[in-house]
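Peer 1: This is the structure, below, for whatever I ask next.
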Amino acid sequence: MSNRLVYVNFKFKTLFILRQQIPCISSTSPFSTRPRNIDPGQQMKVLNDKKQFKQTIELFERKKKKNKDQLSSFIIDQALKACVQVRDFRRGQDIHQLVQHRLSADSSLVKSLIHFYMQCHDMNTAESLFHISTNKTVYVCSVMMKGYIENGKPEKAIEIFKGVDKPDAVLITLLFKACAQVPSEESLNLVKNIWKRYQNTPLLNSYVLTSLIDALMKCGDAKDAEAVFNGQSTKVLPMYGAMMKGYIDDEMPQKAIDVFQQVNEPDAVLITLLFKACAQAPSEKSLDLVKSIWKKYQKTPLLNSYVLTSLIDALMKCGDVKEAEMIFNRLPTKVSSVFLHMCHFLFAGYIKHMMPEKAIEVFKGLEKPDTVLIILLCKACAQVPSEESLNLVKNIWKQYQNTPLLNPYILTSLIDALMKCGDVKDAEAVFNGFSTKVSSMHGAMMKGYIDNEMPQKAIDLFMQANESDEILVTLLFKACAQVASEESLNLVKIIWKQYNAKIVQSESTLTSLINALMKCGDVNNSETVFAESRHKSLSMYGAMMKGYIENEMSEKAIDLFKQVEDPREIIITLLFNACAQLPSQQSLSLIKTVWKKYQNTALLHEHALTALIDAFMRCGDVKGAETIFHKLPHKVLPMYGAMMKDIKATQSNFVIYLLAINASAQVAIASECQAIVDEIPQHIVSNSKISNALIDMWGKVGCVQKAEQVFTNLSSIDQVGYASMIHAYGINGMGVKAVELFHKVPRSLLADSTYVCVLNACSHAGLVDQARSIFSSIEPKTEKHYAAMMDCLSRGSLFDEAQQLIDQYELHHPPSPVMYMALLSAARNRRNKQLVESIHQRMNKLFPRSPDLITSATVLLANLYGSTGDVDKASSIRSELSRSGAKKKPGLSWTVVNGELYQFLAHDRSHPRSAEIYVELEKISRELIEHGHEYDSSWITRPLAEDETIESVLCGHSEKLAIAWNFVANADTTFIQITKNLRVCGDCHQATKLIAAIRRCHIVVRDANRIHHFDPDGHCSCNDYF
């Protein structure tokens, strides 16, 4: 028959079959319509491969019933594998009994049973099978070795290997894995001997070489691992991985990074290892590498969830919190165990970078946190002790207290968080509520008592503990040092004697012991402990020196310093303190010697430098102190204090200047601020805190150009500097400039405050679209971000969108009073009666325990009724507020005239020249009316008295009184500056524009929300958007 081509079209593939002859379709043909006899062993393998293990066992049982004697070794092997997967240990034992009589003749059955028992962690039975086996093939030995390794018995695997005469590649690989699991000199020698014996044979394939490199690395022989690696002309990816992992384990991350950069096409494992190496060596360079790899592979299958976990960790460790957050927030699935593992790194990063609030925020969105996350949450709450943190910790306790999740580790963290938040009572309740207490729980309680200055309770708790470990003894010594009494001293001595040989040996415990003895005044015993210590740490030297200084024995502290070969900052600081306590030419000479030796090292930080300046001053070398002080690029407040101690001529110091700047910013009068600035020495002005405070002050005063000048002169701009300048632009109505500067801020310096400032700037300028864009880029968003965006939308009368934002926020957060007040205030200004009433009712339900908040909201409601003509309702509300004792905040305005500060209340007549002021007001009012001004009665929110008119009431507002006084005192003034504690009303705003135009005068008014610049042309910087 001629050759024919048969074409069979399937759904996914096209199969071409070429046969020489196709005379007919037989029963054995793959295209036969009759059923074929398929080998049951193969069927079972297919089921196992599909993870259908129960079906495998069912098939096995059917075949066993038919003919148990015809069950092949392969069928038995597949059945045992299925039993392992479903944890059916009993059935596996039954199979063992079924084939017991075949074991002596069939080594493959022995191999399968050994594998089964090893997987079930029954090493005894596996060993029995191995020992009675008469045919210990290489394959049987390999299964035995693999079982030992997987069960954590690598030494036994090594013994098996030693009994094999001719090992194959698999056995050698397993030997290397066993040696890697138990690194030692003996393991290393064995690995190197095997390498030497087989290095020129075909046995050392790529798999064996990978295990060899791993073993050498694990045994600490990086040099030979490098030799093996570099000696291979053809390297597979696992070999690169073994090298990288070894370098990371040996804390040589840069070498791991160098190895990665030799790979052209890395796999997911290598990328994961690279991220781990970069996390271990955080730097700008590491961060750039991480981000470049992320950018290169982010759209490929290589970046699986495990890689992303390492990526988040690396970004966090390298300080790029924002990028880590962005990747985290993009994750499609947020319920898997891998996702929780990512959360571990995210939380740890937040805590490391002192951003506990963010960790808390993410935790709130988790449905099923694991043990590690609960522990990290408690740590975050402990890092930011507050009412909110305390409530969250207590809720976690309440939610999980009767579940298996509350293990001793969580309880320890929970107690620590409660103590850090100052809730000693609940910490005691948690501790006393558990009958089984571990040592760490005692430690958390004792540390909490010490931190909350309750050392006696810490001592009492120590006495109750059944067993005391090193940590508890250390804490006891700290508590006794805090009490510092005769009783404490006796207890310290008793514990010292009782635990001396057992526990009181470590550096931390001995340091605490010395400190306690010194604090209790027992210098002799402190010296004994120190002298008898074989290994004297720097912390012990520090405790001794500090003790000598506190006991006014500075000479001994100085003598002890001279014994230290390689001092650290704390030791140097204590030396300076001792010399300051013992001023003399000899002390001064020593100070100078030490300063000269260490001045260009990283040892002298803020504390040491402050102590150094103080020592120079105390020893009478003022010039030396000044020289050091002026050379320091970064000065902190204590340094100013040290300089101030003996310079009588100095009228103020750093803290006074800082307080004066902040106070001037609140008053917000340019002349007052300039007077303060003129008094600040240039070396203090250059301090970053002072500069940032000056930017903030000039912004709040309305002098944006001066704020820009300070900002431009900053040598290094930090988060506060950028935020202050953006805020300055924002409150002065320069929203576009604020947004432009925001986009120039480096990512690493973007903080919550930066976002809030730029959103507020957009709000003041009506830049809603820009605010939306910025708001959408913030992750995660805090209450302040939402509140700022809410204010922006509300000012723009986008009330529907504003309410949607509230709904969106409340999906994952408790209601925010700030957001509701922003919406309520804007709705009142737009006289949206229905919305104001609705919001007010909602706030009463949501915030019943916030009387001040409800009072403010109710005042706005009353103002709305008053402005819309519903005077009766307004009066009724005010009467109710009055009966309840609630007080409305009075409106205040202040201004500086001829160098003196004046303050005015609405309708104030307390000024000695009050009559002149009201005459001037009448004059101004006539001018306003002549220029078309109509007094807006809607801004009067109360009934008029019999002797009042709309004009008289509105003219009596505090800012108009302040303006009038300026003209009374200086009729031809061209500049007036006023600060008001409340928002300026619409009538005053319109009137002030006209006054500036009529009198050809610049008027700057800062109200509660922003700064209004009224120009002589009758224009306001806010463009009537307020």
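The values are calculated or read from the model by the stated rules, or taken from the named source; none is laboratory data. These numbers were taken from a predicted model, which means no experiment stands behind them. A quick note on method: Cβ atoms are made from the backbone with ideal geometry, for glycine too, and the neighbour counts reach across all protein chains shown. Calculation scope for accessible area: heavy atoms of the full protein, side chains included, ligands and nucleic acids excluded. Shrake-Rupley method; radii C 1.70, N 1.55, O 1.52, S 1.80 Å.
Peer 1: In terms of the ratio Rg/(2.2 N^0.38 Å) built on C-alpha atoms, what value belongs to the stretch 302-366?
Peer 2: Numbers: Rg = 10.7 Å, N = 65, 2.2 N^0.38 = 10.7 Å.
Rg over 2.2 N^0.38 Å, computed on Cα atoms: 1.00.
Peer 1: For the chain, with all protein chains present and a 1.4 Å probe, just round the carbon and sulfur fraction of the accessible area to a whole percent.
Peer 2: Details: 26290 of 51440 Å².
Within the chain, the accessible surface is 51 percent carbon and sulfur.
Peer 1: Using Stokes-Einstein with the Kirkwood hydrodynamic radius over Cα pairs, what translational diffusion coefficient do you get for the stretch 240-321 at 25 °C and a viscosity of 0.890 mPa s, in µm²/s rounded to a whole number? Write out the running numbers ahead of the final one.
Peer 2: On the way: Rh = 12.2 Å.
Rounded to a whole number, D works out at 202 µm²/s.
Peer 1: Counting helices only, and only those DSSP H runs with n ≥ 4, report the 222 nm mean residue ellipticity of the chain as the sum of -39,500 (n - 2.57) divided by its residues, in deg cm²/dmol to the nearest 500. Don't skip to the end; give the middle numbers.
Peer 2: Values: 56 runs with 668 residues, N = 1026.
The per-residue figure over the chain is -20000 deg cm²/dmol.
Peer 1: As a test question: what accessible area, to the nearest 10 Å², does residue 872 have when a 1.4 Å probe is rolled over all protein chains in place?
Peer 2: 130 Å²
Peer 1: May I pose another question? If you rank 50, 196, 478 by how much accessible surface each has, with a 1.4 Å probe, what is the order from largest down? Write out the running numbers ahead of the final one.
Peer 2: Working: 50 130, 196 155, 478 100 Å².
So, going from the largest accessible area down, we get 196, 50, 478.
Peer 1: What percentages make up the Cα-Cα pair-distance distribution of the stretch 892-1020 when the bins are 10 Å wide from 0?
Peer 2: Reading the bins upward from 0: 13, 49, 34, 4.
Peer 1: Once amide H atoms are built 1.01 Å from N in the peptide plane, which residues 5 or more positions from residue 1006, or in another chain, come under 5 Å H to H?
Peer 2: Close amide H contacts, sequence-distant or interchain: 978, 979, 980, 1012.
Peer 1: For the stretch 1016-1022, take each phi angle, set θ = phi - 60°, evaluate the Karplus expression 6.51 cos²θ - 1.76 cosθ + 1.60, and give the result in whole Hz per residue in order, putting x for glycine and proline.
Peer 2: Karplus-based 3J(HN,Hα) across the stretch 1016-1022 equals x, 8, x, 10, 10, 4, 7 Hz.
Peer 1: Right, here's the next one. Please quote Rg/Rh for the stretch 541-637 to two decimal places, taking the Kirkwood radius as Rh and restricting both calculations to Cα atoms. Could you put the intermediate results ahead of the total?
Peer 2: Working: Rg = 12.4 Å, Rh = 13.2 Å.
Dividing the radius of gyration by the Kirkwood radius yields 0.94.
Peer 1: Rounded to the nearest angstrom and ordered from largest down, what semi-axes does the equivalent ellipsoid of the stretch 455-535 get from its C-alpha gyration tensor (root of 5λ)?
Peer 2: Equivalent ellipsoid semi-axes, largest first: 18, 15, 9 Å.
Peer 1: Before I look further, what does the chain give for accessible area per residue, probe 1.4 Å, in whole square angstrom?
Peer 2: 50 Å²
Peer 1: Which of the peptides 1009-1021, 598-610 is most tightly packed, and how do the rest follow, going by the mean number of other Cβ atoms within 10 Å of each residue? Could the numbers behind the result be given before it?
Peer 2: Numbers: 1009-1021: 18.8, 598-610: 16.1.
My ranking of the peptides, most packed first, is 1009-1021, 598-610.
Peer 1: At R0 = 51 Å, how high is the FRET efficiency between residue 49 and residue 507 if r is their beta carbon distance? Nearest 0.05 is fine. Mind dumping the intermediate values first?
Peer 2: On the way: r = 56 Å, r/R0 = 1.11.
The formula returns an efficiency of 0.35 here.
Peer 1: Continuing with this model, one more query. Specify which residue in the list 799, 850, 871 is farthest towards the positive end of the charge dipole of the stretch 793-888, using unit charges on the beta carbon of Lys, Arg (+1) and Asp, Glu (-1), about the Cα centre.
Peer 2: 871
Peer 1: Round to the nearest 10 and give me the degree value, 0 to 90, for the angle of helix 569-581's Cα axis relative to the longest principal axis of the chain.
Peer 2: Computed tilt is about 40 degrees.
Peer 1: Residue 897's amide H: which non-local residues (gap 5+, or another chain) put their own amide H closer than 5 Å, with H modeled 1.01 Å from N in plane and none for Pro or chain starts?
Peer 2: Those lying under 5 Å, H to H, from residue 897 are 902.
Peer 1: If I fit a long axis through the Cα atoms of helix 799-810 and take the longest principal axis of the Cα atoms of the chain, what angle between them do I get, 0 to 90°, rounded to 10?
Peer 2: 50 degrees
Peer 1: Using the alpha-carbon atoms, what tilt in degrees (0 to 90, nearest 10) does helix 688-701 show relative to the longest principal axis of the chain?
Peer 2: 50 degrees
Peer 1: Here is a further query. So which GluC sites (Glu not before Pro) in the stretch 938-1026 are both in a DSSP loop and have at most 11 other Cβ atoms within 10 Å of their Cβ? It would help to have the intermediate numbers written out before the result.
Peer 2: On the way: sites: 946, 948, 951, 959; in loops: 946, 948.
Hits after loop and neighbour filter: 946.
Peer 1: Using 1/(1 + (r/R0)^6) with R0 = 56 angstrom and r between the beta carbons of residue 155 and residue 743, what's the FRET efficiency to the nearest 0.05? Let's see the in-between values first.
Peer 2: Details: r = 62 Å, r/R0 = 1.12.
Given R0 = 56 Å and the Cβ-Cβ separation, E is 0.35.
Peer 1: Calculate, in nm to one decimal, what residue 950 and residue 900 gain on full extension: separation in residues at 0.36 nm each, minus their alpha carbon distance. Kindly include the intermediate steps, with their values, before the conclusion.
Peer 2: Details: separation 50, 0.36 × 50 = 18.00 nm, distance 3.16 nm.
Taking residue 950 through residue 900 to full extension adds about 14.8 nm, to one decimal.
Peer 1: Per-residue accessible area for residue 926 at 1.4 Å probe radius, Å² rounded to 10?
Peer 2: Number for this one is 130 Å².
Peer 1: In debye, nearest 20: dipole of the chain around its Cα centre with unit charges on the Cβ of K, R (+) and D, E (-)?
Peer 2: On the way: 115 positive and 109 negative charges, 964 e Å.
It works out to roughly 4620 debye.
Peer 1: Across the stretch 822-836, in residue order, what do the Karplus-derived ³J(HN,Hα) couplings come to in whole Hz, using 6.51 cos²θ - 1.76 cosθ + 1.60 with θ = phi - 60° and x for Gly and Pro?
Peer 2: Residue by residue, the stretch 822-836 yields 4, 5, 5, 5, 5, 5, 5, 5, 8, 6, 8, 4, 4, 5, 4 Hz.
Peer 1: Next up: So for 920, 810, what's the accessible-area order with a 1.4 Å probe, most first?
Peer 2: On the way: 920 25, 810 55 Å².
The ranking, largest first, comes out as 810, 920.
Peer 1: Relative contact order for the chain: what percent, with Cα pairs under 8 Å and sequence separation of 6 or more?
Peer 2: Values: 1418 pairs, mean separation 38.5, N = 1026.
Computed value for the chain: 4 percent relative contact order.
Peer 1: Mind listing the long-range amide H neighbours of residue 892? Cut-off is under 5 Å, sequence gap 5 or more, other chains count too, H placed in the peptide plane at 1.01 Å from N.
Peer 2: 981, 982
Peer 1: Using 7 Å Cα-to-Cβ label points, what is the residue 528/residue 490 separation (nm, one decimal)?
Peer 2: Going by the 7 Å Cα→Cβ label model, 1.7 nm.
Peer 1: Can you run the Rg to Rh ratio on the stretch 793-888? Use alpha carbon positions and the Kirkwood inverse-distance Rh. Don't jump to the answer; show the numbers that get you there.
Peer 2: Details: Rg = 13.4 Å, Rh = 13.7 Å.
That ratio is 0.98, to two decimals.
Peer 1: Residues in the stretch 943-976 near a label at residue 929, defined as backbone nitrogen under 12 Å from the 7 Å Cα→Cβ point?
Peer 2: Within reach of a label on residue 929, which here means backbone N under 12 Å from a point 7 Å along Cα→Cβ, the stretch 943-976 contributes 949-952.
Peer 1: Starting from the 7 Å offset along Cα-to-Cβ, what nm value, one decimal, do you get for the label separation of residue 500 and residue 399?
Peer 2: 5.2 nm
Peer 1: When you count, for each residue, the other Cβ atoms within 10 Å and take the mean per peptide, how do 179-188, 721-730 rank with the highest first?
Peer 2: Values: 179-188: 18.1, 721-730: 26.5.
Most protected by this proxy first, the peptides run 721-730, 179-188.
Peer 1: Sticking to Cα atoms, compute the Rg of the chain to one decimal and its Dmax as the biggest Cα-Cα distance, whole number, in Å.
Peer 2: When restricted to the Cα atoms of the chain, Rg and Dmax are 39.6, 129 Å.
Peer 1: A follow-up question, please. If you stretched the chain out fully between residue 753 and residue 555, how much longer would it get, using 0.36 nm times the residue separation minus the C-alpha to C-alpha distance? Display every interim value, and only then the final one.
Peer 2: Values: separation 198, 0.36 × 198 = 71.28 nm, distance 4.97 nm.
The span from residue 753 to residue 555 would gain 66.3 nm if fully extended.
Peer 1: Rounded to the nearest 10 Å², what accessible area does residue 345 show when all protein chains are kept and the probe is 1.4 Å?
Peer 2: Ignoring ligands and nucleic acids, residue 345 comes out at about 60 Å².
Peer 1: Are there GluC sites (Glu not before Pro) in the stretch 463-534 that DSSP marks as loop and that have at most 12 other Cβ atoms within 10 Å, and which are they? Please list the in-between numbers first.
Peer 2: Details: sites: 467, 470, 486, 487, 507, 527, 532; in loops: 467.
Here the sparse-neighbourhood loop sites are 467.
Peer 1: Kindly rank 862-869, 433-440 from highest to lowest mean number of other beta carbons found within 10 Å of each residue.
Peer 2: On the way: 862-869: 21.0, 433-440: 12.5.
Answer by packing, highest mean first, reads 862-869, 433-440.
Peer 1: For the stretch 793-888, calculate the relative contact order in percent as a whole number, restricting contacts to Cα pairs under 8 Å that are 6 or more residues apart.
Peer 2: On the way: 80 pairs, mean separation 20.9, N = 96.
After rounding, I find 22 percent.
Peer 1: Moving to a separate point now. Calculate, in nm to one decimal, what residue 834 and residue 876 gain on full extension: separation in residues at 0.36 nm each, minus their alpha carbon distance.
Peer 2: Numbers: separation 42, 0.36 × 42 = 15.12 nm, distance 1.84 nm.
Residue separation times 0.36 nm, minus the Cα-Cα distance, leaves 13.3 nm.
Peer 1: Here is a further query. Using θ = phi - 60° and the Karplus curve 6.51 cos²θ - 1.76 cosθ + 1.60, what whole-Hz ³J(HN,Hα) does each residue of the stretch 459-468 get, with Gly and Pro shown as x?
Peer 2: Taking θ as phi minus 60°, the curve returns 5, 4, 5, 4, 5, 7, 5, 5, 10, 10 Hz for the stretch 459-468.
Peer 1: Once R0 is set to 45 Å, what does the formula 1/(1 + (r/R0)^6) return for the Cβ-Cβ distance between residue 90 and residue 261, expressed as a FRET efficiency to the nearest 0.05?
Peer 2: With R0 = 45 Å, the Cβ-Cβ based efficiency is 0.25.
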